[in-house]
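Taking it in order: structure first as structure tokens, then the write-up.
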Amino acid sequence: MIINKVDRYNSQELVNTSANKVTINAMLEVYKSVLNQDGVLYCSAPVTSGKRHIDWLERIGKNFVDIDSADKNYHESHFMEVIEPNRKHAQRFIWQLREQTEKIVIDPTALPPIPEWKQQDWHLFWRQVIERYVNTVFLINDWQYSNGCVYEFWVAQKNGIPTLNEDKQTLGLAAGIEMIAEAIVKVKQRDGNITFFEEILDRLKSHSTSFTTPNIR
């Protein structure tokens with residue numbers, strides 16, 4: 001899998017349009033043909049990022065900006081140390097959830113890369129899937145370090161869809177806001193781009209009337 005550079009698109013638009021809208025709509029129709037029952041679950045999981053990504057960068061002494069122009073060896077290391085463990089962790093949880101609930105569980109890690117798609121295309125696609133078909137979103141551990149997962153948490157909160165953690169406990173708005181705020185600090189320490197995180201965090205805060213800034217050390 002080729003690790004693409006993070007797209008520096010205008011977060012103000014928050015993925016309202018896409019050059020690949022036709023393909024996205026076709027894929028949504030495929031989902032529509034099979035998601036015809038109540039109780040569809042969605043697992044939001046970090047794949048190329050997450051806490052494993054932060055830990056890996058620390059081990060190799062690199063920052064986010066360094067990886068954008070990294071050589072083949074670093075890409076291969078990222079795949080082995082971050083992507084594969086993230087996928088396996090998510091897939092184990094999803095398999096258990098299917099066994100325990102006997103419900104349809106959408107696994108976003110199962111879809112292969114689409115070369116012409118950018119990050120905002122995936123955001124738009126999964127947003128539509130969640131808004132149209134999902135009634136519960138599970139957030140896989142370390143979700144707060146992934147801008148895709150953070151975006152999906154916002155989509156769920158915006159649409160009143162329950163959000164749960166891996167322990168199947170409610171992950172409410174206030175707790176999610178605090179986790180994202182803490183993750184931003186750690187991402188920033190490795191010179192990561194936090195613009196999108198901050199945009200989503202602001203939108204989440206606007207949903208909360210009792211938010212107070214967490215004490216981050």
Test result for V137, part of a strand (DSSP E or B) and touching a helix residue (DSSP H, G or I) at 6+ places or on another chain (Cβ under 7 Å): yes
Unique match (being at pLDDT below 95 and among the β-branched types (V, I, T)) among V150, V155, V137: V155
Cβ pairs under 8 Å, 6+ apart, first in segment 83-106 and among the hydroxyl-bearing types (S, T, Y), second crowded, with 17+ Cβ neighbours inside 10 Å: T101/L41
Selection count, segment 163-177, where residues are in a loop (DSSP other than H, G, I, E, B), free of Cβ contacts under 8 Å to residues at least 60 places away in the same chain and within 16 Å of the chain's Cα centre (by Cα): 2
Failed item, numbered, when E58 is tested on (1) at pLDDT below 90; (2) farther than 21 Å from M179 by Cβ: (2)
From the options I184, I194, residue that is β-branched (V, I, T), out of contact with any strand residue (DSSP E or B) (no Cβ under 8 Å at 6 or more places or on another chain) and modelled with pLDDT of 95 or more: I184
Subset of segment 142-181 [over 18 Å from T109 (Cα atoms), among the polar types (S, T, N, Q) and surrounded by fewer than 18 Cβ atoms within 10 Å (Cβ to Cβ)]: N159, Q169, T170
Of all residues making up segment 25-64, the number that are surrounded by fewer than 13 Cβ atoms within 10 Å (Cβ to Cβ), of a type in the set (V, I, T) and over 24 Å from P162 (Cα atoms): 1
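The values are calculated or read from the model by the stated rules, or taken from the named source; none is laboratory data. Fair warning: this is a prediction, and the values are worked out from it, not measured in the lab. Counting neighbours? That spans all protein chains shown, and the Cβs are built from the backbone with ideal geometry, glycine included.
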